[in-house]
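Contents: one structure, followed by commentary.
The values are calculated or read from the model by the stated rules, or taken from the named source; none is laboratory data. Not measured: the values here are computed from a predicted model. So basically every Cβ, Gly included, is an ideal-geometry build from the backbone, and we count neighbours across all protein chains shown. Areas reflect the complete protein model, heavy atoms only, side chains present, ligands, DNA and RNA absent. Shrake-Rupley method; radii C 1.70, N 1.55, O 1.52, S 1.80 Å.
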Amino acid sequence: MKPFHLIAIPHRDILEGRLTMDVFAADLWEVYKGRAVEDYQNPDVFFNKTYLTAGLKNLLKIAAMRLKGEGGDPVIQIQTPFGGGKTHSLIALYHAFTNPNSVKPYFEDVLKANVVVIVGTAISPKEENGKITGTLWGEMEKQLKGEIKDLNQPIAPGRENLRELLEKHQPILILMDEVLEYIAKAAGIKTGYKELKVGDTNLAAQTIAFMQELTETVKSLDRALLVVTLPASVMEYPDEERAEALLSKLQKVAGRVEKIYSPVSGDEIYEVIRRRLFSKVDEIAAKEIVNEFIDYYEREGIVIDKAEYREKMLRSYPFHPEVIDVFHRRWGSLPTFQRTRGVLRILSLAVYKLKDSSIPLIRPCDFDLSFDELSEELIKHIGREYESVLRADITAKDANSKKVDKNLGSTYQGLKLATKLASAIFLYSFSGGERGVTLGELKLSCADINIPSSVITEVVDNLSTSLYYLWKENGKYVFKSQPNLNKLVISKMSEIEEPELREQIKALLQKYAGKSLPVYIWPRNSKDIPDTEEFKLVILPTNDRDFINDILNNYGENPRVNRNTVFFLVPMESERHAFESWLRRKLAWESVSKDKSLNLTPAQKKEVDKNVKELEKEARDALRRFYRLVLIPAKELKEVDLGIPVFGDKRPLSSEVLERLKADGEIIEKLSSLLIIEKYLGSKDYLELKQLYKTLLSTPGEPRISRDNFIKSIKNGVKEGHFGFGLVRNGEVECIKIREAPEITLQDYEAIIRKELCMEEEETEEADTSLVVEGMIKTETPATTTTATITPEPQERLSVALPSYKGITLSVKLPKGKFSEFYRGVLSLLEDSFDETEVEIKITAKKGRIAKSDYENKVKETLIQINAQIIEENTEE
């Protein structure tokens, strides 16, 4: 997609950074005096950059009708919130009726008229030597006649005097701005006309009387129009109580004949901003970009009425609609924020900062709050205390949001998503009313069509646990000047010393180790691990190979006998930092929960309890992600990675290790007779059982089998006739059992014997004719030695073709918690046996609940990471 600045071309003053507030400060008096900046002084430039809204067109139409003597309202009051475009409208009237040609390309029905300009902030009443100057009526006469002659008195002139002045100068347009400001100043000046026998009066009272006389006089003339602006409130005045009283009187006087017009309404603000900041917009290219975003919103389920939102995006382009809404509606409701001027100033700074970027449109998250001019424009309306908020969480080199960015995966690390989203939340956090932003609103306003919206969920979750001044209240994220619980938690985290951390890790191991195997946690020396026949799991604090080898080879000062019975569970060092950070946070939240000296609000207490519960719920998985390496005795120590834990797996660690060892064949349930014969008995007449069992226990890498299963395997071999069972006394072998199960106690004299020695002669002959054997049969007795070699011809050899399958399709339903066994016992075998193995899994999960964030971030993200294809997905709220 093209960068926005190649589609919406900014005005030259924006590109060159000529962005002082004066550029956007509409001042009617400066225009009247010919001293305003070109944007306002030059009527052609002014109308080129001004979008004629429906309200402004209507205002020009009414004014033209009135000044032509065709009727219309004689007095018009423009009343909008502070900074709502009042003065801009007066300047439009001034240029239209002093320079009609400048507005005719946009609005034809105008004429030239006499225009009087009264600006209360520019005219100052004075009292010198008992004489009062600077009255509004005096200024009016001066502008119309060039001098103050007939209205040179400190009291209101009266309707007849005003009529005589105005009638001669028709068509006449009187523009009055900031009248309340003038009256507030006039309230301090006494007129001193005691001879009127009405007591002392002040200039403010006389000015209000004059306003009443003026409105009545204008009403009586055919081609005279008074346009006056009044503020919607007095919150911008230092003495609010006094100003409120004066405004009430002024509104009462003007209210009899006024008609209120709003210059900008509804979505017209989009075009007002576009016209002022951009010289032209390629509507076709803009539509292509908007359509891509709308398609993304639809795929991600972000926008319901896509047709309506598409139109809104087209009107606001190159700004995302949320940008204008945030500043015009939210920031514009702040008492000190000038709605139109302030919005234009901030948006122009954003365009200037982003003029070389590659972004296709400007979103709230694209505002660079580290840009001093921009941040200063915001800070002055919300308080200097937010400077430290910005530095700590967003703008400083080591700001918390930047730390979150560094911890994101490599795919998203360079996109600065955390800093961008934190910036957007900051902009949403200030308003005269509504404050904060929901996760859904962030997905709408900060969407990147190249990134799944679930990533925004993940990043915001990280921000909520990492930023000092970010709060979550009623489902909305909002910045405050008070630190949140995160800062308190981080402070508690820093107080946790290494010894305490180690003890807590050990405590977690003790809690989740289980008893499926005898477990020995963090032994100090090899003597702590008994040298017994049973299998045992040693859990160590580090992957210390020297210590591991010491345990395998020694039992204190003596050599270890049963070396093949010891397994080790050790942490993965690459996971240490993440796990210890998680554990510190868990301990910190628990500390906050127990600290009775903290004056927590009910909402904070609820949040503390929630975090304590959630972290406790995560404990087993967090520990298991850290402890995931199993070390197995062999000629060289064998390492098995248990992998990432299955979400929700509640098995004790020893159970999981034991099941994995069995699945991988490291611990077996049965010792096959064939293996016993080929590997251990071989050509010998007999093999003592106790010695064989000790060999299995003592030799790393030999098959591992429990005592009971070893005995059971021997019994089965004897019963099936693979070898016999007998006793060895004084070098003589006595066969006791074959083809029936013997009693075995693993005494010194018990042995297995070659089956030939246990069979009677006819059984041996029958066995010899039933099988074709290639090799040597050697029988030894004290008296004779017989050697026979049988080498059958190739065509006489027995060839046995085992039954097999060339393809398998299975549909199975697994019990809960058995998937890992299913994978190791079924899938791994099939994958080894077949070149093409496709697995389609249908999961139906009911009778419970899972957080949407867990589903998005853990379930779906895992599927994405392993390149799984989601064929069907249905979720139920």
Picking from A513, A507, the residue that is within 27 Å of S591 (Cα to Cα), surrounded by 14 or more Cβ atoms within 10 Å (Cβ to Cβ) and at pLDDT 95 or above would be A513
Is there a residue in the range 13-26 that is modelled with pLDDT of 85 or more, among the β-branched types (V, I, T) and touching a Leu at 6+ places or on another chain (Cβ under 7 Å)?
yes
Margin query: Given the condition modelled with pLDDT of 80 or more, in a loop (DSSP other than H, G, I, E, B) and among the aliphatic types (A, V, I, L, M), answer yes or no: does some residue in the range 861-870 qualify?
Written below: yes
Of the residues in the range 649-672, those that are open to solvent by 30 Å² or more (accessible area, probe 1.4 Å) and in contact with a strand residue (DSSP E or B) (Cβ under 6 Å, 6 or more places away or on another chain) come to I668
Within the range 50-69, of all residues that are buried (at least 17 other Cβ atoms within 10 Å of the Cβ) and either among the basic types (K, R) or assigned to a loop (DSSP other than H, G, I, E, B) (or both), the one farthest from the chain's Cα centre (by Cα) is R66
The number of residues in the range 129-149 that are under 21 Å from V228 (Cα atoms) and either open to solvent by 40 Å² or more (accessible area, probe 1.4 Å) or in contact (Cβ under 8 Å) with a residue 24 or more places away in the chain (or both) is 8
If you go through N152, N161, the only one that is polar (S, T, N, Q), out of contact with any strand residue (DSSP E or B) (no Cβ under 7 Å at 6 or more places or on another chain), open to solvent by 40 Å² or more (accessible area, probe 1.4 Å) and in a helix (DSSP H, G or I) is N161
Expected output for the range 654-675 (first residue within 14 Å of R628 (Cα to Cα) and touching a residue at least 12 places away in the same chain (Cβ under 8 Å), partner open to solvent by 20 Å² or more (accessible area, probe 1.4 Å) and basic (K, R), Cβ below 7 Å, 6+ apart or cross-chain) is S654/K515
Y237: passes all of (1) part of a helix (DSSP H, G or I); (2) at pLDDT below 65 but (1)
Subset of the range 26-38, residues in a helix (DSSP H, G or I), surrounded by fewer than 20 Cβ atoms within 10 Å (Cβ to Cβ) and either free of Cβ contacts under 8 Å to residues at least 60 places away in the same chain or within 47 Å of the chain's Cα centre (by Cα) (or both), comes to E30, K33, E38
>> at pLDDT 90 or above and assigned to a strand (DSSP E or B): is that true of K280 in this structure?
In response: yes
Report yes if some residue within the range 283-293 is touching a Phe, Trp or Tyr at 6+ places or on another chain (Cβ under 9 Å), surrounded by fewer than 20 Cβ atoms within 10 Å (Cβ to Cβ) and modelled with pLDDT of 90 or more; otherwise report no.
yes
For the range 490-525 the number of residues that are in a helix (DSSP H, G or I) and hydrophobic (A, V, I, L, M, F, W, C) is 7
Checking K86, K126 in turn, the sole residue that is out of contact with any helix residue (DSSP H, G or I) (no Cβ under 6 Å at 6 or more places or on another chain) and either buried (at least 18 other Cβ atoms within 10 Å of the Cβ) or under 15 Å from L225 (Cβ atoms) (or both) turns out to be K86
The residue from K420, K403 that alone is under 22 Å from the mean Cα position of the chain (by Cα), at pLDDT 95 or above and among the charged types (D, E, K, R) is K420
By residue number, the members of the range 619-636 that are open to solvent by 40 Å² or more (accessible area, probe 1.4 Å) and modelled with pLDDT of 95 or more are R625
Reported set for the range 565-579 where residues are part of a helix (DSSP H, G or I) and surrounded by 20 or more Cβ atoms within 10 Å (Cβ to Cβ) is T565
